[in-house]
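Colleague: Input: one structure, supplied below.
No value in this document is a laboratory result; all are computed from the given coordinates. Just so it is clear, the structure is predicted and the values come from calculations on it, not from any experiment.
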Amino acid sequence: GIELVRGLRLQNWQSWRGYAARREAIRAEMAELEKAGELKDGVKFTNPMMNSHLEALGVKLDGETNVAWLFHGITPDAASNVDKKDFDIDTAGTESGRLYGRGVYLTEISGRVDKFAAESVAGTHCMLLCRTMLGNALR
């Protein structure tokens, strides 16, 4: 199994403002699609156990914009710097595990990240639990 060795809550307020603005735009897009009858039953990522734990901590997800908690594996070097600067999308996919090319890979199963994330000198693997807005995943 996986054991949590250390956990940090990271927040970047500048990124959050952009996220919040985009969330409202996606909410409006989803409402328009629903109004036009074009909103399909898209991909939903829900992990009831994880959601219930996080909701108990006061972290609710927005169902209208299809928000989910997903894991992302990162290198130990990236993990030590993730709280110091914003994400650099240009470095996405520069490590192993690029089955579909460059991009940000996310999964609802932490064990998948553990298999592909680079191991640190201490033998640990690093991952992020990301609040991810999916919107209409089939559009």
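Colleague: Can you tell me the length gained on complete extension of the stretch ALA20 to VAL121, counting 0.36 nm per residue apart and subtracting the Cα distance?
Modeller: Value of the extension gain: 32.6 nm.
Colleague: Another question, then. For LEU54 and GLU32, compute 0.36 nm times the residue count separating them, minus their Cα-Cα distance, and round to one decimal in nm.
Modeller: 4.9 nm
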